[in-house]
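Visitor: Just passing along the structure, written as C-alpha cells.
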Amino acid sequence: MKKILPVGLTLAALISLAGCSPSNDTASADGADEVTTLRFSHFWPATAATHTEIFEPWARKVEEESGGRLKVEIYPSATLSKPDATYDATAKGTVDIGSQLQGYTNGRFPLTQVAELPGLSNSATQMNCMLQTLYDDGVISSEYEDTHLLFMMGTGPGGMHTVDKAIRTPDDLKGLRMRRPSAIAGDIIESAGGTPVGLPATDIYTSLQRGVLDGLSLPWDATGSFRLIELTNTHTNIPFYSSAIMVTMNKDKYESLPDDLKKVIDENSGKAMGAIAGKVFDAEDDRFMAEAKAKGDTMIDIPDPLNDPQWKAPLQAGTQKYLNDVAASGLDPQTVYEKAKEASVACKV
C-alpha cells in the first residue's frame, strides 16, 4: 500500500523546497521572469540633484528597459558604504553599483586626477566629456580594471567659501584651515599658504559650526547640496580645480547578467550619461550661486587664475608638485596631462 503523508508534512516539505530559491530574486522555470536587484550606494543627500535628477532617473530607465527584470535600490547619504570606501565596496561586491569621488582615496586614481588640474575645465559638461574621453581612449582605463565602469562624471570648477574672510589673493589664505576635496586642491591651497584639511563632505557642516574649519573648497552644486550656503557668506569664484567622479558596477554582478540585460546596462552607460550629468551639475552651480547672491553674500571673481599675476605661481607650483609626485611612483602623468589638454579643447562647450 502507498503511504500518504499527512497534509502538514506535505506543506512543510513544499515550504522547505521554496526556501531554497534566492531571497532577493524571483524566477520562472526558464528564468525569463527572474528579477535581479542592484544595490546602488552613494554619499549625496537624497535631496541633492545628483540623486533626484541623475541617479533616480537612471535607475528608473534601467528598470523600464529591462522589462522589470532589473531592480535598482539606491542608498544615498553613505548609508550602505563610506564615501571614501564606495569604490572598494563595489569591487568586492559589498554593493553592486557605487559612485565616489576619485579624490576621496588619495593615490588610488592618480592618472584620472590629472584631469582635475587647473586650467583644464570650466564647466561640469566639459569635465565629464574630458574624463569619459580619457577613459574610452584607454588613457586612464587601467585604474578601473577591478570593476565594470558605467560612466564618468565631473563637477564644475571648485571655488572657495568662507565665513567673513575674503580671499582675493593667495596671501589671504595664510593661516586659514580650508577643507580640501582632494590632494590636488590641497596642494594648491598649501602652496598658497593655507592649511588643507581632509574630511568627507558629510562632515563639513558641523566642522564649520564648531569652528574647526575657516572655510572650504567645493563647486557651487556641492556647497548648496550640503547646505553650506547657510553657514558661509563670502565666496571666491576661482576655477583652480575640478573634481572627478565615477559610477561603477561590480564586475561579477555585471558578468552574471544575461546578454540582453547587459545591453540595457551598456545602453545607459558612457558619454551620453556623462553629458546628462554635466547639465545637471552646471544648472545646480548656477542655481546655488544665485541663491548666495540673493541673500547678499560677498562674491569675488578670479576667472582666469593661471594668467593672474598673484595666483599663477601657486597654481603652477601645485600642478607641478602633483605631476612630480605621480611620476615618482613610476607612472607617466605627463602623457596623461597632454592627452587631457587635447580632450579639454575637444570638449570645450
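The values are calculated or read from the model by the stated rules, or taken from the named source; none is laboratory data. Because the structure is a prediction, the values reported are computed rather than measured. Cβ placement follows ideal geometry from the backbone for every residue including glycine, while neighbour counts extend to all protein chains displayed. Heavy atoms of the whole protein, side chains included, go into the accessibility calculation; ligands, DNA and RNA do not. Shrake-Rupley method; radii C 1.70, N 1.55, O 1.52, S 1.80 Å.
Visitor: Output the direction-averaged projected area (hull surface divided by four) of the convex hull of the alpha-carbon atoms of the chain, in nm². Walk me through the intermediate numbers first.
Guide: Details: hull surface 88.5 nm².
Averaged projected area of the chain's Cα convex hull equals 22.1 nm².
Visitor: Once you've got the GNM for the chain with C-alpha springs shorter than 10 Å, pick whichever of Leu150, Leu331, Leu120 has the biggest mean-square fluctuation.
Guide: Leu331
Visitor: Against the empirical 2.2 N^0.38 Å scaling, what ratio does the C-alpha Rg of segment 247-297 come to?
Guide: 1.83
Visitor: Classify segment 40-80 as rounded, prolate or oblate from the Cα gyration tensor: take a ≥ b ≥ c as the square roots of its eigenvalues, call it rounded if a/c is under 1.5, otherwise prolate when a/b beats b/c and oblate if not.
Guide: oblate
Visitor: Something else now. Put +1 on the Cβ of every Lys and Arg and -1 on every Asp and Glu Cβ in segment 74-197; which of Ser191, Leu117, Met152 then has its Cα farthest towards the positive end of the dipole?
Guide: Ser191
Visitor: A further question follows. What is the magnitude of the charge dipole of segment 219-293 about its Cα centre, with +1 placed on the Cβ of each Lys and Arg, -1 on the Cβ of each Asp and Glu, and no other charges, expressed in debye to the nearest 20?
Guide: 100 debye
Visitor: Another question, then. Work out the FRET efficiency for Asp259 and Ser142 from their Cβ-Cβ distance, taking R0 = 22 Å, and round it to the nearest 0.05.
Guide: With R0 = 22 Å, the Cβ-Cβ based efficiency is 0.25.
Visitor: Follow-up question, since we're still on this one. Which percent of the accessible area of segment 162-252 is formed by carbon and sulfur heavy atoms (probe 1.4 angstrom)?
Guide: Carbon with sulfur: 42 percent of the solvent-accessible area.
Visitor: Now a separate question. Which longest uninterrupted range of the chain lacks any trypsin sites (Lys or Arg not before Pro) assigned by DSSP to a loop state (not H, G, I, E or B) and surrounded by at most 10 other Cβ atoms within 10 Å? Don't skip to the answer; put the middle values down first.
Guide: On the way: sites that count: Lys2, Lys3, Arg210, Lys295.
So the longest stretch without any such site is 4-209.
Visitor: Can you run phi through the Karplus equation (6.51, -1.76, 1.60; θ = phi - 60°) for segment 292-305 and list ³J(HN,Hα) in whole Hz, with x for Gly and Pro?
Guide: For segment 292-305, the Karplus-derived couplings read 5, 5, 5, 8, x, 5, 7, 10, 10, 10, 10, x, 9, x Hz, x marking Gly and Pro.
Visitor: Hey, another quick one. Counting residues in segment 87-244 as N, plug N into 2.2 N^0.38 Å and put the Cα Rg over that result. Write out the running numbers ahead of the final one.
Guide: Working: Rg = 15.9 Å, N = 158, 2.2 N^0.38 = 15.1 Å.
Here the Cα radius of gyration is 1.06 times the empirical estimate.
Visitor: Express the accessible area of segment 180-258 per residue in Å², computed with a 1.4 Å probe while the remaining protein chains stay in the model.
Guide: That works out to 30 Å² per residue.
Visitor: Give, rounded to the nearest 20 debye, the magnitude of the charge dipole that the chain has about its Cα centre when Lys and Arg contribute +1 at Cβ and Asp and Glu contribute -1 at Cβ.
Guide: 740 debye
Visitor: Stretch Asp252-Asp171 to full length: gain in nm at 0.36 nm per residue minus the Cα-Cα span? Could you put the intermediate results ahead of the total?
Guide: Numbers: separation 81, 0.36 × 81 = 29.16 nm, distance 5.07 nm.
Between Asp252 and Asp171, full extension yields 24.1 nm more.
Visitor: Still on this structure, I have one more. Distance between the C-alpha centers of segment 73-100 and segment 244-281? Whole Å please.
Guide: Here the two parts' Cα centres lie 15 Å apart.
Visitor: Could you calculate the FRET efficiency of Met299 with Glu342 from 1/(1 + (r/R0)^6), where r is the beta carbon distance between them and R0 is 51 Å, rounded to 0.05?
Guide: According to the calculation, E is roughly 0.95.
Visitor: Follow-up. Write down the accessible area per residue of segment 28-91 in Å², having rolled a 1.4 Å probe over the full set of protein chains.
Guide: Ligands and nucleic acids excluded, the figure is 43 Å² per residue.
Visitor: Let me ask you something else. Calculate what fraction, in whole %, of the accessible area of segment 108-158 sits on carbon and sulfur atoms when a 1.4 Å probe is rolled over the protein chains.
Guide: 44 percent
Visitor: If you don't mind, another one. Between helix 312-328 and the chain, what is the angle of the helix's C-alpha long axis to the longest principal axis, kept within 0 to 90° and rounded to the nearest 10?
Guide: 50 degrees
Visitor: How high is the relative contact order of the chain, in percent, with contacts defined as C-alpha pairs under 8 Å that are six or more residues apart? Show your work: numbers first, answer last.
Guide: Working: 658 pairs, mean separation 80.6, N = 349.
Once normalised by length, the contact order is 23 percent.
Visitor: In segment 139-223, how does Rg compare with the Kirkwood Rh, expressed as the Rg/Rh ratio over alpha carbon atoms? Walk me through the numbers on the way to the answer.
Guide: Numbers: Rg = 15.0 Å, Rh = 14.2 Å.
With Rh from the inverse mean 1/r over Cα pairs, Rg/Rh is 1.06.
Visitor: Go ahead and set up a Gaussian network model of the chain, Cα springs under 10 Å, then flag whichever of Thr234, Thr206, Thr298 fluctuates most.
Guide: Top of the fluctuation ranking is Thr206.
Visitor: Oh, and also: Treating only the Cβ atoms of Lys and Arg (+1) and Asp and Glu (-1) as charged, compute the dipole magnitude of segment 76-157 about its Cα centre; round to the nearest 20 debye. Could you put the intermediate results ahead of the total?
Guide: Working: 3 positive and 9 negative charges, 48 e Å.
So the dipole magnitude of segment 76-157 works out to roughly 220 debye.
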